[in-house]
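Here's the structure we're looking at; comments come further down.
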Amino acid sequence: MDGGGEDASKVIHVKFVTKLDSPFQAPSSSVVIPSNVTRLGLSSIVNSLLTLEKHEAFDFLIDGELIRMSLEQFLLAKGISAERTLEIEYIRAVAPRKEEKPSLHDDWVSAVDGSSSRFILTGCYDGLGRIWSSPESCTHILEGHSGAISSIAFVSSEGAENVTVATAAKDRTLRLFKVDTAESGDPTTRVGAYKILRGHKASVASVAAQKYGSKICSGSWDCTINLWDTDEATSELSVAGKRRKGNNQAEETQLEGEAENTFVGHTQCVSSVVWPEHDVIYSCSWDHSIRRWDVPTGKESMNLFCGKALNTVDVGGEGSALVAAGGSDPILRVWDPRKPGTSAPVFQFASHASWISACKWHKSSWFHLVSASYDGKIMLCDLRTAWPLSVIDTHKDKVLCADWWKGDSVVSGGADSNLRISSGISIS
C-alpha cells in the first residue's frame, strides 16, 4: 500500500472506519501501512482505497483524538500499542473548499452576524450596517449612526419577510431597524431606525439578542450592561415631533427607548456580551473577567478571572456549556463552568500570533469553534487537538470579526475593508 512517499521500514496493521456515507466507505478489511505515515499520507491511502475521481482531504482519529503528528509519534505519545490492529476513524477534513469573491466596504468591517441562513449582517466604521443575501449582493443599508458600528445582531430573522436588526456604535447609542426583505431594489434600499436606544455614557462595544425573546443587551465602555426591549409599544419616549425622511421614503416617527435594567460589576470596558439562554447573559471585559448574569434579578452568578484584557466571549460546545474567550494575548481559552472549584481553562489554543478579536462556537458541534486575530488569520479549532484544523489567511490586514454561516461557511471582516466568505467546510 502506497503511503504517500513515507519510509516503510516499520509497518502497522490498521482498519479504517467512518460514519460517512457512500462514496466515502472504505473496505472493512485491515491494511498494512508505514508506521511513520503522517495525516497527509493517511489521506492518500484512504483516497486510494476509495478510488475517488477527485482527491478528498480527510482527518483521522484514534480513540476520539485527532492525529496531528506521524502515526508512530502519536502512538508513542499516547502509550498505544502498535502490536494490535489499530482502528482509525476518518472524517472529511475541516477546511474551506472555496473562497467567495470579497465584498468591499468603504471602511473597516468591524462586526458580522451569520446567525441567519438567509442573510449576513455587517457593521462598518463608516457608520452603516449592511444586509447581504450573498457575496457582493448587498440588499439593504442601515443608516443613522454618527460613529463607527462596533456590533450588529439579528433580533429576529428566520421564517418571516420582516427582520429586526440591532446595531451598537461608538456614538453611544443602539439602533433598531425593521427590514422588509421582500423589498430590495437597485440601488440598494436604505433603511432608517424605527427606535433609538440611549443611556450608555460611552461607546457601545457589543450587542446581543435574547434567545426566543424580544429583548437585547449591550455592553459598553462605561463598564455597564444594559437591557432593552425592542417592541415599539414599550418605548419610553415617542417623539412625535422628531421625524425623518429617507431617500424615496415616507416620513416616519422615530421612537426612543431607555434601558429596562442595568447590570453593574465590571470595572472596565464590557467588550462582549452573549445571550445563550433565556434568562442568562455572559459578558467579558478589559477588567480580565468573564461574568454570568441572572437576567430576572440582575445579579452576577459566576466570575471567571482570566488575567488578560478580554475582547470576545462565546458559549457553546458540549451541552452548550463551555465558555470560550480571547483578548490581549494570542491564546484562545476555554472554560467549563460545570467543574466546581477551579477557574483554570480546560483547553487552550496558542496558534495565533497577536490579540484575538473574535471567537464563535459552531452551533451543531461539541468540538468546533472559529477564532480571529489581529495577526490577519482565522483559525478553525477542534477541542480534540491543540493544533488548528485549518488556517484562513485571505485577509490582508487585522481580522476584526468572524462568525459561522449556514453551518458550512465562515464569514469575516477586517481592516482591509472586506467581508470574506470561506465556504464548503465539512463539520461532522
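The values are calculated or read from the model by the stated rules, or taken from the named source; none is laboratory data. Fair warning: this is a prediction, and the values are worked out from it, not measured in the lab. Quick reminder, even Gly has a Cβ in these numbers, built from the backbone with ideal geometry, and neighbours come from all protein chains shown. Please note that ligands, DNA and RNA were not included when accessible areas were found on the heavy atoms of the full protein model with its side chains. Shrake-Rupley method; radii C 1.70, N 1.55, O 1.52, S 1.80 Å.
Does region 121-136 contain at least one residue that is in contact with a Pro (Cβ under 8 Å, 6 or more places away or on another chain), part of a loop (DSSP other than H, G, I, E, B) and touching a residue at least 40 places away in the same chain (Cβ under 8 Å)?
yes
For SER426, indicate whether it is surrounded by fewer than 19 Cβ atoms within 10 Å (Cβ to Cβ), under 16 Å from the mean Cα position of the chain (by Cα) and under 24 Å from PHE367 (Cα atoms).
Yes: the conditions hold for SER426.
What residue, among those in region 49-85 that are among the small types (Gly, Ala, Ser) and more than 23 Å from GLY424 (Cβ to Cβ), is least open to solvent (accessible area, probe 1.4 Å)?
By that ranking, first place goes to SER70.
Hydrophobic (A, V, I, L, M, F, W, C), modelled with pLDDT under 95 and either open to solvent by 30 Å² or more (accessible area, probe 1.4 Å) or not in a loop (DSSP other than H, G, I, E, B) (or both): is that true of ALA358 in this structure?
Judged against the criteria, ALA358 is not a match.
Consider ASN261 against the criteria (1) closer than 15 Å to VAL315 by Cβ; (2) at pLDDT 95 or above: it satisfies all of them except one. Which criterion is unmet?
(1)
If you check LEU380, LEU400, LEU369, which single one turns out to be surrounded by fewer than 24 Cβ atoms within 10 Å (Cβ to Cβ), part of a strand (DSSP E or B) and within 12 Å of the chain's Cα centre (by Cα)?
The unique qualifying residue is LEU380.
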